Amino acid sequence: MRLLVCGGRHFEDAEMVHHELTALHWRKPISVVVHGSIAGVGIIAEAWARRHGIAVVRYPPNWEFYGKKAEGLRCDFMLTDSRPDFVVAFPGGRHTADLVQRAINVGLAVLAIPPNTAGACPVAKHPPQRGQPTTASL
């Protein structure tokens, strides 16, 4: 499975990321981890993937060329160029929420992981129950 991982740049719960990625990998083997090349969830997911011998593809935003549009353009490019089969979204801010909505809009299944301290996930308009994909199952 080609997995796109997203979440906040300030989210640093490596144990949670490792646990969720391991659980997904056990259910359906992950062949590629795709992320936005920003500190936080992406870097943690990349470290997990490398420890498990899984390929990694990074999509850093081109701030110098695109300015404020870089984040949205990068999200669109990740969704089309990397051809993910599934998206896992860890807690994050508006950019994470935007990527989740874009993924749902193109028909991708999104698993929104809520923070340990709350029962709802801030990244989805209609958050699923913990561990339940928004549009399809693995």
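The values are calculated or read from the model by the stated rules, or taken from the named source; none is laboratory data. This is a predicted model, so every value here is computed, not measured. Methodologically, a virtual Cβ is constructed for each residue, glycine included, from the backbone with ideal geometry; neighbour enumeration extends over all protein chains shown.
Hey, among 95, 126, which residue is at pLDDT below 95 and within 12 Å of the chain's Cα centre (by Cα)? Steps first, answer last, please.
Working: 126 fails: within 12 Å of the chain's Cα centre (by Cα).
After applying the criteria, what remains is 95.
As an exercise: evaluate residue 67 against (1) out of contact with any helix residue (DSSP H, G or I) (no Cβ under 9 Å at 6 or more places or on another chain); (2) small (Gly, Ala, Ser); (3) within 18 Å of residue 10 (Cβ to Cβ) and give the number of the one condition it does not meet.
(3)
Residues are listed down the side, and each one gets a yes or a no for (1) over 12 Å from the mean Cα position of the chain (by Cα); (2) among the acidic types (Asp, Glu):
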{"site": "8", "(1), (2)": "no, no"}
{"site": "14", "(1), (2)": "yes, no"}
{"site": "21", "(1), (2)": "no, no"}
{"site": "24", "(1), (2)": "yes, no"}
{"site": "65", "(1), (2)": "yes, no"}
{"site": "78", "(1), (2)": "no, no"}
{"site": "81", "(1), (2)": "yes, yes"}
{"site": "89", "(1), (2)": "no, no"}
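Identify, by number, the condition in (1) modelled with pLDDT of 95 or more; (2) touching a helix residue (DSSP H, G or I) at 6+ places or on another chain (Cβ under 8 Å) that residue 85 doesn't meet.
Here residue 85 meets the rest and fails (2).
Take residue 117 and decide whether it is modelled with pLDDT under 95, assigned to a loop (DSSP other than H, G, I, E, B) and among the β-branched types (Val, Ile, Thr).
yes
Filter the range 46-66 down to the residues that are touching a strand residue (DSSP E or B) at 6+ places or on another chain (Cβ under 9 Å) and charged (D, E, K, R), then identify the one that is nearest to residue 82 (Cα to Cα).
Selected residue: 58.
Restricting to the range 1-40, and then to whatever is modelled with pLDDT of 95 or more, closer than 22 Å to residue 106 by Cβ and among the β-branched types (Val, Ile, Thr), can you tell me which residue is surrounded by the fewest Cβ atoms within 10 Å (Cβ to Cβ)?
Here the residue is 32.
So which residues in the range 78-103 are more than 27 Å from residue 27 (Cβ to Cβ) and loosely packed, with under 14 Cβ neighbours inside 10 Å?
The one that is more than 27 Å from residue 27 (Cβ to Cβ) and loosely packed, with under 14 Cβ neighbours inside 10 Å: 94.
I'm trying to understand the selection: among the residues of the range 25-81, which are closer than 17 Å to residue 92 by Cβ and polar (S, T, N, Q)?
Result: 37, single match.
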